[in-house]
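Worksheet for the structure shown next.
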Amino acid sequence: MLNEKIINALNGQLNKELYSAYLYLSMSANSTFIGLKGFANWFMVQYQEEMVHAMKIYTYINDQGAKVKLKSVEEPPSDFESPLDMFEKTLEHEKFITKSINELADLVLGEKDHATYMFLQWFINEQIEEESNDVDIINKLRLIGNDGNGLLMLDKELALRVFVPPAQTQQAGSTGGTAP
Ligand code: FEO
């Protein structure tokens, strides 16, 4: 059983995850537009992962007998200065999400809601991986600088990223394991 404060905070986090998906979809579209198909693939996989994050929260709220409340999703930026700009904005956004998850964890601990605290552990771990992936790519982009060949090589590397559907444990419901 979730209390009102926690239901509101979870619905807020659901909205942030949907915005994250929207943001990375926009970056994927921008990458396609500028001819970097590997970058476009990387951001498309990131979009799919964010939809998984959103649906995990959606399913958890439902499973706890509370009501999901969908809010408006903000318009993401659609113009970016460079591939480095996209990844710097990605890292900045992920730091914001990490802060938000940590605040949510503080709230549920304060409310002695141990079930939700356990639920959030997956997100806390996921954020470590997300930020680390972004830092790796930013470092590569800084090394590449203005070297077009280096950028094309990184584009080939990012083309290899594959969306791996999560284990079905928290995905009972309409999403199944397929990409949205
Ligand atoms: Fe759902 Fe990228 O955090």
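Computed from the coordinates by the stated procedures, all read-outs in this text should not be read as laboratory data. Small disclaimer: the values here were computed from a predicted structure and weren't measured. Because the Cβ atoms are built from the backbone with ideal geometry, glycine has one as well, and the counts that use them run over all protein chains shown.
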Of the residues in segment 29-56 that are polar (S, T, N, Q) and more than 16 Å from the ligand (Cβ to nearest atom), the one that is nearest to the chain's Cα centre (by Cα) is 41
Filter result for residue 59 (within 16 Å of the ligand (Cβ to nearest atom) and in contact with a Gly (Cβ under 7 Å, 6 or more places away or on another chain)): yes
Considering only segment 56-70, I want to know if a residue exists there that is among the hydrophobic types (A, V, I, L, M, F, W, C) and part of a helix (DSSP H, G or I). yes
Filtering segment 69-128 for residues that are of a type in the set (A, V, I, L, M, F, W, C), away from the ligand (no atom under 16 Å from the Cβ) and in contact with a Leu (Cβ under 9 Å, 6 or more places away or on another chain) leaves a count of 4
